[in-house]
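A.B. asks: Before I ask anything, here is the structure I am working with.
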Amino acid sequence: MKRSISIILLCAALPLVGCDSSRAPSFQLSEQSLTLSPFAQEKVQGELSAGFGSPAELVVWPELEVDFGNFGGTIGKVGPRPGTIRVADEGLGSQSNLAGDDLLDTLRGAAVVISKTSAVPESGAEGESTSTEAESNTAGNVYRVASYDLETRLLSVVDETGQPAKLDASEGDTVQVLGSTLQTGRNLYLRHCMHCHGVGGDGAGPTAQYFRVKPRDYRQGVIKFTSTKASVPRPSRDDLFRIVKLGVPGTYMPSFMLLPDDEVKLIVEYVRWLAMRGEMERKLNAWLFTSYSQAAVDESENRAELESEFETEWAEDSSDYIERFGNDLKLDWQDADKPESVVNPTVPRTPSSPESIARGRKFFLSKDAKCASCHGETGRGNGPSTEAFNDLPGMPPGTKSDKPGLFDNWGNIVKPRNLTTGVFRGGRRPIDIFRRIHSGIKGTPMQAFGTTLKEDQIWDVVNYVLSIPFEDKQGGH
Amino acid sequence: MRNLTALVIVPAALLVMIGCDLAKIDPGGGAVSQTTVSVRGGVDSGPAGGGGDEVVAVVTGEPGSLTGTILFDGPKPNLAPLVAKGTSRVDSTVCGAAEAIPDESLLVGENGGIANVFVYLTKKPKGMKFDPPETQPFLDQDACIFKPHALVVWAGVDFELKNSDKVAHNIDAKPAANSSFNDGMKPGASVVRSFRNAEALPFQSTCAIHPWMRFFTLVVEHPFVAVTDADGKFEIPNLPPGKHKFRVFQERGSQLERGIEVVVSPGKATTVEWKYPPAKFGL
């Protein structure tokens, strides 16, 4: 009997252990943020929470170039209880493609904006007008969904304190649910991507440690394989969509061809948002790191003074910096989706021929392109630059690595592609290879040649590169 | 007895499962419950405004200036060239053909002055606005050396990157507050770039084809910056009088000063001499 009681106690204690608050999901601070002094770290964390929230408490920051998702309806009737309204017509789901449990999942805890009708364009329900609607319609009061009944279309909302909201609303006003895309994207990301790419997109999910080729860390906003020009630092939505759909051949990144297109798009939107969060953190660090790292505190003669200096600088300048950084995010990601940002050759591909291949090979080896210095004279990815000892990234200049090789922006040694295998990570279509040469591979030593080479020269190199795997099969070449 | 135990254990085990469902998120399965979305700053507003801009600093008196010398406190170091004359295994007709490629990571003059040291105000003086100069310095690649080795450019202003060599180079730039880029530069090429934000520290750019090549760029949003000359001397004119904090950066020593205070008196040149021991430079 005594034994069974102790077992019971043990079992009763288990739920408490299991639900330890440390399980609350969170975005981790970056390695660099962790080297900030505690007082600066706290502000960076605070800013990131205010702008992005946590995996469970997402924040819609309307300024960002993200389709956070919004749908809604109009108020049929206010009441009967405080904080409740009856949604008119077909209810809240009619503008979205959500229904039933999916709709309820999205609505749980969602942000709701109730605004006067005057702000809404007449035919606001049309699919293509949703984005403009969102912009014109973001003036109103924000509440949070407490519950929604699919049958009666009764929506009850609460205010920040969790009390039934005191509504300033009347019949005909619009109700908008914000953040539905982000929420669904988050759910899909956690299911399909998080295991390698990590909860916060740091490329350090639980599986990542087993990979030689590291999953992408999105937090610099840099994606290797893009169709965008060298002058455009970010990938387009289409680029990310393609990578998720097709995978990255030759790496652990699988193809998600079986996911429906709309789900992939939601994942892409969430990944973009994660990247922006990382960029914001990085930019805040770039501002604060030099003056307010823990190392700066350790060196300082008067720590209290340094801290008060920081408090003053933060109070005076932070809103300015955050606005500027937010604007950076907006411009860079907006740029990436402009049609003119995509590398589209103006001359058609030179048909592959022994002559074109020979020209391409000559160019590959030439002093003008110097492809061979990394890829090697036979394209095996073993050029002389791979044998040089380079500076370790992220360390004081002059700190040499103890291993030879070229580094990428994430601090990994990257091997130039072995072109004899015929496996191309960014895609094997001629246009893919053209774009690799034209804009380079962002974040890596593979540089952008499009800024200085002519398009027909690039096409010759494309023809040569595509021919390398078959070189020994062409008698006489 | 055994039955009784089982009766208790099963519900207790169930409790474990239920209890954990109450946790906000299941990190493995993607079954998300009790999540919330909120909107930053309510709606119809971006990041909180304010910040007291447009406060024009009260500048009394004439501007002063800061002149000084950055000195190496030890015997002049004798760093071996990165590539001795005529020994380059890469592009030997161009790189190190006429002259050896010097190690510019620490250049000490006859007087002990250190060249290529960045001296600059840690931040823009409050409330002051500046127009960038009309011409920006350009970067050249000549005999497989980046020139200048220490470059200062204004945020938001175009500047030119050139290649005067007869071989291709590339410029792999990795700034902190701006986007990185990596431009291939064929012989005679010219590329125009700009940075949007000022940087707190100069950052390094390299060439993957010629691994010894590097240069440092500082992006500024105020004119109170100087790079020391071959004798380690610098001058920063037109400083508003008062107490200022200067940062001193040298590539081997990194931040020689995170922020050293100097009081600039109106209408006068304040002269400083800052000395650093070899240990600061890893020697």
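A.B. asks: Averaging over every viewing direction, what projected area does the convex hull of the Cα atoms of the protein assembly as shown cover, in nm²?
C.D. replies: Hull-based average projected area comes out at 42.7 nm².
A.B. asks: Beyond 19 Å, how much of the Cα-Cα pair distribution for segment A:141-209 remains, as a whole percent? If you can, show how the numbers build up before the last one.
C.D. replies: Numbers: 1282 of 2346 pairs.
Every Cα pair in segment A:141-209 considered, those over 19 Å come to 55 percent.
A.B. asks: Another question, if that's okay. From the P(r) of segment B:160-234, can you give the percent of Cα pairs sitting at distances over 17 Å?
C.D. replies: 52
A.B. asks: I need the Debye-formula profile for segment A:146-296: one equal scatterer per C-alpha, no solvent, reported as log10 I(q)/I(0) at q = 0.13 1/Å, two decimals.
C.D. replies: Values, matching the q order: -0.77.
A.B. asks: Compute from the Cα atoms of segment A:328-456 the Rg and the Dmax, the latter being the longest Cα-Cα distance, and quote both in angstrom.
C.D. replies: Both quantities, over Cα of segment A:328-456: 16.6, 49 Å.
A.B. asks: What is the packing order of peptides A:41-48, B:253-260, taking the mean over residues of other C-beta atoms within 10 Å and listing the highest first?
C.D. replies: Highest to lowest by the protection proxy: B:253-260, A:41-48.
A.B. asks: Could you give each residue of segment A:379-387 its phi-based ³J(HN,Hα) in whole Hz, using Karplus coefficients 6.51, -1.76, 1.60 with θ = phi - 60°, and x for Gly or Pro?
C.D. replies: x, 7, x, 10, x, x, 5, 6, 9
A.B. asks: Apply the Karplus parameterisation 6.51 cos²θ - 1.76 cosθ + 1.60, with θ equal to phi minus 60°, to every residue of segment B:185-201 and state each ³J(HN,Hα) to the nearest whole Hz, in sequence, with x for glycine and proline.
C.D. replies: 3J(HN,Hα) across segment B:185-201, in whole Hz: 10, 6, x, x, 6, 9, 10, 10, 9, 8, 10, 7, 10, 6, 10, 6, 9.
A.B. asks: Then there is this: What is the diffusion coefficient of segment A:351-415 in µm²/s, taking the Kirkwood radius over Cα pairs and the Stokes-Einstein relation at 20 °C with a viscosity of 1.002 mPa s?
C.D. replies: 160
A.B. asks: Take the Cα atoms of segment B:58-201, find their three principal axes, and give me the spread along each one in whole Å, biggest first.
C.D. replies: Here the spans come out as 59, 40, 25 Å, largest first.
A.B. asks: At 7 Å along the Cα-to-beta-carbon direction for both residue B:279 and residue B:89, put a label point, then send me their distance in nm to one decimal.
C.D. replies: 3.7
A.B. asks: Hey, what angle do you get for helix A:261-292 against the long axis of chain A, alpha-carbon based, 0 to 90 degrees rounded to 10?
C.D. replies: Around 80 degrees separate the two axes.
A.B. asks: Let me ask you something else. Please report, for the Cα atoms of segment A:189-262, the Rg to one decimal and the Dmax as a whole number; what are they, in angstrom?
C.D. replies: Radius of gyration, then largest Cα-Cα span, for segment A:189-262: 12.4, 34 Å.
A.B. asks: I'd like the FRET efficiency for residue A:77 and residue A:413, computed as 1/(1 + (r/R0)^6) with the beta carbon distance as r and R0 of 45 Å, rounded to 0.05.
C.D. replies: Given R0 = 45 Å and the Cβ-Cβ separation, E is 0.10.
A.B. asks: For segment B:59-99, report the translational diffusion coefficient in µm²/s to the nearest whole number, using Stokes-Einstein at 10 °C, 1.306 mPa s, and a Kirkwood Rh over Cα pairs.
C.D. replies: Details: Rh = 14.7 Å.
Value of D from the Cα-based Kirkwood radius: 108 µm²/s.
A.B. asks: Name the residues of segment A:26-41 whose amide N is less than 17 Å from a point 7 angstrom out from the Cα of residue A:315 along the C-beta direction?
C.D. replies: A:39-40
A.B. asks: Still on this structure, please answer the following. Nearest 10 degrees, 0 to 90: what angle lies between the long axis of helix A:38-52 and the longest principal axis of chain A (Cα atoms)?
C.D. replies: Once rounded, the angle reads 80 degrees.
A.B. asks: Can you run phi through the Karplus equation (6.51, -1.76, 1.60; θ = phi - 60°) for segment A:322-337 and list ³J(HN,Hα) in whole Hz, with x for Gly and Pro?
C.D. replies: Karplus-based 3J(HN,Hα) across segment A:322-337 equals 5, 5, 5, 5, x, 5, 4, 4, 4, 5, 5, 6, 5, 3, 4, 9 Hz.
A.B. asks: Between 0 and 90 degrees, rounded to the nearest ten: what's the tilt of helix A:180-192 against the longest Cα principal axis of chain A?
C.D. replies: Compared with the principal axis, the helix lies near 60 degrees.
A.B. asks: Dividing the Cα convex hull volume of segment A:22-84 by residue count, how many Å³ per residue is that?
C.D. replies: 171
A.B. asks: Using a 7 Å offset from the Cα along the Cα-to-Cβ direction at both residue B:194 and residue A:429, what is the distance between the two label points in nm, to one decimal?
C.D. replies: 3.3
A.B. asks: While we're looking at this one, here's another question. Run the numbers for residue A:258 and residue A:338: contour at 0.36 nm per residue of separation, minus the present Cα-Cα distance, in nm.
C.D. replies: 26.0 nm
A.B. asks: Would you please state the base-10 log of I(q)/I(0) at q = 0.13, 0.23, 0.26 1/Å for segment A:216-310, with intensities from the Debye formula using one equal scatterer on every alpha carbon?
C.D. replies: Here log10 of I(q) over I(0) equals -0.59, -1.17, -1.33.
A.B. asks: Based on the mean of other Cβ atoms within 10 Å per residue, sort peptides B:211-222, A:26-37 so the most packed one is first.
C.D. replies: The peptides rank, most packed first, as B:211-222, A:26-37.
A.B. asks: Just counting partner chain Cβ atoms within 10 Å, what average do the residues of peptide A:47-59 show around their Cβ? Don't skip to the answer; put the middle values down first.
C.D. replies: Working: counts 1, 0, 0, 5, 3, 1, 5, 4, 5, 8, 6, 4, 6.
Taking the mean over all residues of the peptide, I get 4.
A.B. asks: With no solvent and one point per C-alpha, what does the Debye sum give as log10 I(q)/I(0) for segment B:169-283 at q = 0.16 Å⁻¹?
C.D. replies: -0.93
A.B. asks: Under 5 Å between amide hydrogens, which residues at least 5 positions from residue A:383 or on another chain qualify, with H placed 1.01 Å from N in the peptide plane?
C.D. replies: Long-range HN contacts for residue A:383: A:375, A:376.
A.B. asks: Within 10 Å of each Cβ in B:250-258, how many Cβ atoms from other chains are there, averaged over the peptide?
C.D. replies: Neighbouring Cβ atoms belonging to other protein chains average 3 per residue here.
A.B. asks: Skipping prolines and chain starts, which residues have an amide H placed within reach, meaning under 5 Å, of the one on residue B:213, given they are 5 or more residues away or on another chain?
C.D. replies: Those qualifying (amide H under 5 Å, at least 5 residues apart or on another chain) are B:207.
A.B. asks: Within 10 Å, count the other beta carbons around each residue, average over each peptide in A:407-419, A:54-66, A:431-443, A:90-102, and list them highest first.
C.D. replies: Per-residue Cβ counts within 10 Å, averaged per peptide and sorted highest first, yield A:431-443, A:54-66, A:407-419, A:90-102.
A.B. asks: One-quarter of the Cα convex hull surface for segment B:157-199, in nm²?
C.D. replies: Result: 2.9 nm².
A.B. asks: Work out the P(r) tail for segment A:238-279: percent of alpha carbon pairs separated by more than 16 Å, whole number.
C.D. replies: Result for the distance tail: 37 percent.
A.B. asks: What is the spin-label model distance, in nm, from residue A:210 to residue A:90 if the labels are put 7 Å beyond Cα along the C-beta direction?
C.D. replies: My value for the distance between the label points is 4.6 nm.
Bear in mind these aren't lab numbers, they're just calculated from the coordinates by the rules spelled out. Computed from a predicted model, the values in this text were never measured in an experiment. So basically every Cβ, Gly included, is an ideal-geometry build from the backbone, and we count neighbours across all protein chains shown.
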